[in-house]
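Computed from the coordinates by the stated procedures, all read-outs in this text should not be read as laboratory data. Source: prediction; values computed, not measured. Cβ placement follows ideal geometry from the backbone for every residue including glycine, while neighbour counts extend to all protein chains displayed.
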Amino acid sequence: MSKRPWHIALFVMVVVLAITSDQITKALAKEYLPRGEMIQVVGDVFVLIYAENEGAFLGLGSSLPPTIRTWALVIFPTFLLVLFVFGLFVREKHPSLLHILTMASIVGGGLSNLFDRMAYEGRVIDFMNFGIGPVFRTGILNVADLWITFGAIVLIIWGGREKKHG
């Protein structure tokens, strides 16, 4: 384990923040967003629209048989999250602050979406869409997806810098 207890405390705090922010915003979306209606927040750049996603990113895998979907979207991601935590706190002797924050972001977002899958019969609540016009748009996503994306992008950039300077 890490020789610095603050590593674990910081990791847990970010994971809890990611889960809490995601679950609160999903609860608000579920309660207050009308079904099938798009609400423009910032023109068409940022819109809210309630959706329940049975698949992964952009609905990928939603048509898979339930057993395969459970393996692909619950069991395998759970295994990956365990590997992330193991890699960070067991394999790495002195993880950097940035590495702790990025890994916690990914784990927190992933756990929150896994919670949805268990609580909502395999579905994840999504409600945000970004883009310009009808062509350049994201899929409908949630705050957990933002945490995961943030963590992944910073991890990729950070990893590239480490290799370049290492």
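A compact table of results
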quantity	calculated
Length gained when the stretch Ser96-Ile24 is fully extended (0.36 nm per residue, less Cα-Cα span)	23.0 nm
Relative contact order %, the chain, counting alpha carbon pairs below 8 Å whose residues are six or more apart	32 percent
Label-to-label distance, nm, for residues given as Met13 and Thr70 (7 Å Cα→Cβ offset)	3.9 nm
Fewest-first sequence of Ile19, Ile49 by Cβ atoms within 10 Å of each Cβ	Ile49, Ile19
Sparsely packed trypsin sites (Lys or Arg not before Pro) within region 1-109, loop by DSSP, other Cβ within 10 Å at most 11	Lys3, Lys93
Region 124-154 and region 29-92: distance between their alpha carbon centers, rounded to Å	10 Å
Given the chain, longest segment not containing exposed loop GluC sites (Glu not before Pro) (DSSP; at most 14 other Cβ within 10 Å)	38-120
On Cα atoms only, tilt of 5-32 relative to the major axis of the chain in degrees	0 degrees
Unit charges on C-beta of K, R, D, E only; dipole of the chain, Debye	740 debye
Largest-first principal axis extents, alpha carbons of region 63-166, Å	43, 37, 19
16 Å tail of the calculated P(r), region 51-115, as % of Cα pairs	52 percent
On Cα atoms only, tilt of 97-119 relative to the major axis of the chain in degrees	40 degrees
Calculated from backbone phi, Karplus (6.51, -1.76, 1.60) coupling profile of region 72-85 in Hz, x at Gly/Pro	6, 10, 10, 5, 4, x, 4, 4, 5, 5, 4, 4, 4, 5
Taking region 73-164 and dividing mean pair separation by its residue count, relative contact order in percent (alpha carbons under 8 Å, at least six apart)	30 percent
GNM flexibility winner over the chain from Ala18, Ala119, Ala104 (Cα, springs under 10 Å)	Ala119
Gyration tensor (alpha-carbon) shape descriptor, region 6-104, a/c threshold 1.5	oblate
